[in-house]
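Peer 1: Take this structure first; my questions come after.
The values are calculated or read from the model by the stated rules, or taken from the named source; none is laboratory data. Note that this is a predicted model, so its numbers are computed, not measured. Cβ: placed from backbone, ideal geometry, glycine included. Neighbour counts: every protein chain shown.
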Amino acid sequence: MQVIERAEEGPICTERDFDLRILAPKLNEVVKKYDIHFDREQIIPSDDSLADDLWKAAFELYLETGTFCTTSNRRILFKEDEIKEALAQVNSQITVGFGKEAKDMYHRKVEDERRPFALLGPMGQSCDEELFVPISMAYMQEPIADGMSGPMLERIGGITIKTGGPSEVLGAVAHTMMIREAARRVGRPGMFLVSVATAATDGAQIAASNPEWGERLSDGRFVGALAELKVDYSLLRKMVHFHQYGCFVSTLSGPIVGGYTGTEGATVLGVAYHLQGLMVSQSHLTCSFPIHMRHSCTTAPETLWSTGLVEQAVARNSKLISFAKGKAAAGPCTDMVLHEAAAHGLIGTVSGGNLYVIGAARNKQKERFTPMEAKMASEVGQVAADMRLKRSDANEIAKNIISKYEGKLENAPLGERFQECYDIHKLRPTPKHVELYERVKTELRDLGLEFSY
C-alpha cells in the first residue's frame, strides 16, 4: 500500500526531467566516484572490491533517484533504512513448483559449488498454436530443467491476438491451459512455470490466474520494468494482483548497454534494478539481462562483463535470489548459438547467478529456438559449479569461447526453425543437431570444461 501511495503522491516531475536532470547526472557521478570501468581482458572480473563498489554505486543511485511512474509522473522514493530493512528480511531460499517437481531456489555466492537453478525456455518468442504443446514438452522433458518459461502465441483459433483486446484474454487462458497439458504429458505436472508471455497487459495476466487449470501459487510471474528505472500503473496492477493471488513474483529488467548510460552505467543500473524489484515489486527473484543496443543480445563481451559483475555485486552484498537471463544473437542448430550459450552459462554461474536460458536469434524470430541451446548453457553452468571453477580460470575459458563468435555478432546466422531441427512427433533433435552439439562439447572439453557425459 505504501508503494501505491508513493506512486500517487511522491515528488512530481516530467519523464524528460527524470531522465536528463535526475538519473543521467547521478549515474555519471557514481560511475566516476566508484571508478567502474569495463575491462575487455577481465570478462569475468576477480576483483571483489570492484563488485562491492558497484553495489555501493547502485545503492547510492537508487536511494537518490528512486523509481519513476510514467502514469502519474511521480517518483517512488525510499529512505536508506527502509531499503536496508528490506534487504535484511529477504528470503534467501524459496521452494517453487509442487509435488515431486518441487525445487529449492536459492541465493548463490560467487564461485558457489552448488549448481544453479536452471530455468529453460524461449523467453516469449512466438510459435504457431499447433506447435505450442510440442515445443513446451521438448523443453520440459529435459532432465536438467528445474523450471520452464513457455513461448508466446500470436494467434489462437485463427484469431490474431491483439494486446489489450478480448483476444489477448483468450490467448492467455489458452496459453496456461496448454502449458499445463504439456507438463502433464511429460510426467512433470508440478513443474515450476514462469510467466504467461502471451499476456502483455495486467487484465490478461489476471485472467490466467487459476489454481485448477492456469497459473498456480507455486508458479512465478513477471513484473517487468520500463527503461530506465521506471514503472507504470499496468505494471503496478500486476504487482498487486500477483501478491494478493499469492504466487511468486519476479522482476524482469534489461538495462541497455550502448545507450546514454554506457557499459558501466548499464551495469550500475543492473544492480539498481534488483533494488527496485525488492522495493517496488517486492519480488522473490530478479532476472537481469543487460542488452546490447546494437547487437540485441546479452552475449557480446560488454554485456557478458556486465552480467557477471552484476551477479557478483548482488551475490556478495545481499541475500537476493538472482538469475542471469540470456539472449543469443545466432539461431538454432549453429555452432555460434551453442558457443554463446556456453559463454553465458559459464559467466552467470561462476559469478553467483542462477540461469534463465536462453533466447536465440536475438529473441525476435518466430520458432527459431530449441531446448538444445538452453541445455548447453545449463550443462556448462553445472560443470562450472561441479568443478568449483575460480573466476580467473573461468575468465580464460570464457575469452576463448567468445573469440569463436565475437566477429559474427553483427551478421549472426539465423539457423533453423524448431520443426527443422527437431522431430516434432518424437520430440527429439535431428541427428545433425545432436552431432553439432557433441562437437561443440568436445571443443569445450579441450578448453578445460570437464563434462561427465
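Peer 1: Restricting attention to the stretch 194-226, which residues are assigned to a strand (DSSP E or B) and free of Cβ contacts under 8 Å to residues at least 60 places away in the same chain? Give the steps one after another, and end with the answer.
Peer 2: First pass over the stretch 194-226, keeping only residues assigned to a strand (DSSP E or B): 194, 209, 215, 220-224, 226.
Ser209, Glu215, Arg221, Gly224, listed by residue number.
Peer 1: Filter the stretch 61-105 down to the residues that are aliphatic (A, V, I, L, M) and in a helix (DSSP H, G or I), then identify the one that is surrounded by the fewest Cβ atoms within 10 Å (Cβ to Cβ).
Peer 2: Top of the filtered list is Ala88.
To keep it simple, each residue is scored yes or no on (1) touching a residue at least 60 places away in the same chain (Cβ under 8 Å); (2) of a type in the set (Gly, Ala, Ser).
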{"position": "Gly10", "(1), (2)": "yes, yes"}
{"position": "Pro25", "(1), (2)": "no, no"}
{"position": "Asn28", "(1), (2)": "yes, no"}
{"position": "Tyr34", "(1), (2)": "no, no"}
{"position": "Glu41", "(1), (2)": "yes, no"}
{"position": "Leu50", "(1), (2)": "yes, no"}
{"position": "Asp53", "(1), (2)": "no, no"}
{"position": "Gly66", "(1), (2)": "yes, yes"}
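Peer 1: Go through the stretch 264-314 residue by residue and tally those that are in contact with a His (Cβ under 6 Å, 6 or more places away or on another chain) and in contact (Cβ under 8 Å) with a residue 60 or more places away in the chain.
Peer 2: Number satisfying all stated conditions: 3.
Peer 1: Give just the number: which of (1) over 18 Å from Ile321 (Cβ atoms); (2) in contact with a strand residue (DSSP E or B) (Cβ under 6 Å, 6 or more places away or on another chain); (3) among the charged types (D, E, K, R) does Arg237 not satisfy?
Peer 2: For Arg237, the exception is condition (2).
Peer 1: Take Gly352 and decide whether it is touching a Ser or Thr at 6+ places or on another chain (Cβ under 9 Å), in a loop (DSSP other than H, G, I, E, B), within 20 Å of Ser46 (Cα to Cα) and among the small types (Gly, Ala, Ser).
Peer 2: yes
Peer 1: Take the stretch 418-443 and flag every residue that is in contact with a strand residue (DSSP E or B) (Cβ under 9 Å, 6 or more places away or on another chain) and in a loop (DSSP other than H, G, I, E, B).
Peer 2: Thr430, the sole residue that qualifies.
Peer 1: To continue, here is another question. Looking for something among the small types (Gly, Ala, Ser), loosely packed, with under 15 Cβ neighbours inside 10 Å and touching a helix residue (DSSP H, G or I) at 6+ places or on another chain (Cβ under 9 Å) - is there at least one such residue anywhere in the stretch 412-429? First the steps, then the outcome.
Peer 2: Step one: list which residues in the stretch 412-429 are among the small types (Gly, Ala, Ser), which gives 412, 415.
With loosely packed, with under 15 Cβ neighbours inside 10 Å added as a condition, the list becomes none.
No: the stretch 412-429 contains no residue that is among the small types (Gly, Ala, Ser), loosely packed, with under 15 Cβ neighbours inside 10 Å and touching a helix residue (DSSP H, G or I) at 6+ places or on another chain (Cβ under 9 Å).
Peer 1: Step by step: first the residues of the stretch 405-429, then only those that are of a type in the set (Phe, Trp, Tyr) and under 24 Å from the mean Cα position of the chain (by Cα), then the one that is nearest to Ala342 (Cα to Cα). Which residue is that?
Peer 2: Only one residue tops the list, namely Tyr405.
Peer 1: Let me ask you something else. When the stretch 350-372 is examined, which residues are found to be farther than 20 Å from Leu285 by Cβ, surrounded by 23 or more Cβ atoms within 10 Å (Cβ to Cβ) and touching a helix residue (DSSP H, G or I) at 6+ places or on another chain (Cβ under 7 Å)?
Peer 2: Ala360, Arg368, Phe369, Thr370, Pro371, Met372
Peer 1: Does the stretch 14-33 include one or more residues that are at pLDDT 95 or above, out of contact with any Ser or Thr (no Cβ under 6 Å at 6 or more places or on another chain), assigned to a loop (DSSP other than H, G, I, E, B) and not β-branched (Val, Ile, Thr)?
Peer 2: no
Peer 1: Which condition does Arg237 not pass, out of (1) buried (at least 22 other Cβ atoms within 10 Å of the Cβ); (2) within 21 Å of Ala197 (Cβ to Cβ), if it passes all the others?
Peer 2: Looking at each condition in turn, Arg237 falls short on (1).
Peer 1: Quick one: count up the residues across the stretch 151-187 that are among the polar types (S, T, N, Q) and either touching a residue at least 24 places away in the same chain (Cβ under 8 Å) or surrounded by 20 or more Cβ atoms within 10 Å (Cβ to Cβ) (or both).
Peer 2: To start, the set of residues in the stretch 151-187 that are among the polar types (S, T, N, Q) comprises 160, 163, 167, 176.
Adding the requirement that they be either touching a residue at least 24 places away in the same chain (Cβ under 8 Å) or surrounded by 20 or more Cβ atoms within 10 Å (Cβ to Cβ) (or both) leaves 163, 176.
Number satisfying all stated conditions: 2.
Peer 1: Which residue out of Ala313, Ala300 is more than 30 Å from Gln282 (Cα to Cα) and at pLDDT 95 or above?
Peer 2: Selected residue: Ala300, the only one of Ala313, Ala300 that is more than 30 Å from Gln282 (Cα to Cα) and at pLDDT 95 or above.
Peer 1: I need the full set of residues from the stretch 253-275 which are crowded, with 22+ Cβ neighbours inside 10 Å and over 14 Å from Val310 (Cα atoms), in order please.
Peer 2: Thr261
Peer 1: Can you tell me which residue among Ser378, Ser392 is more than 19 Å from Pro332 (Cα to Cα) and among the hydroxyl-bearing types (Ser, Thr, Tyr)?
Peer 2: Of Ser378, Ser392, the one residue that is more than 19 Å from Pro332 (Cα to Cα) and among the hydroxyl-bearing types (Ser, Thr, Tyr) is Ser392.
Peer 1: Now a separate question. Being assigned to a helix (DSSP H, G or I) and basic (Lys, Arg), is that true of even one residue in the stretch 361-374?
Peer 2: Looking through the stretch 361-374, at least one residue is assigned to a helix (DSSP H, G or I) and basic (Lys, Arg).
Peer 1: Which number in (1) within 26 Å of Asp219 (Cα to Cα); (2) surrounded by 24 or more Cβ atoms within 10 Å (Cβ to Cβ); (3) of a type in the set (Gly, Ala, Ser) marks the one condition that Ser318 misses?
Peer 2: For Ser318, the exception is condition (2).
Peer 1: Right, another one. Please state which one of Glu228, Glu215, Glu181, Glu168 is under 27 Å from Leu61 (Cα atoms) and touching a helix residue (DSSP H, G or I) at 6+ places or on another chain (Cβ under 7 Å).
Peer 2: From the options Glu228, Glu215, Glu181, Glu168, the qualifying one is Glu228.
Peer 1: How many residues does the stretch 106-121 contain that are in contact with a strand residue (DSSP E or B) (Cβ under 6 Å, 6 or more places away or on another chain) and either over 16 Å from Leu285 (Cβ atoms) or surrounded by fewer than 24 Cβ atoms within 10 Å (Cβ to Cβ) (or both)?
Peer 2: Residues flagged as in contact with a strand residue (DSSP E or B) (Cβ under 6 Å, 6 or more places away or on another chain) and either over 16 Å from Leu285 (Cβ atoms) or surrounded by fewer than 24 Cβ atoms within 10 Å (Cβ to Cβ) (or both) within the stretch 106-121 amount to 2.
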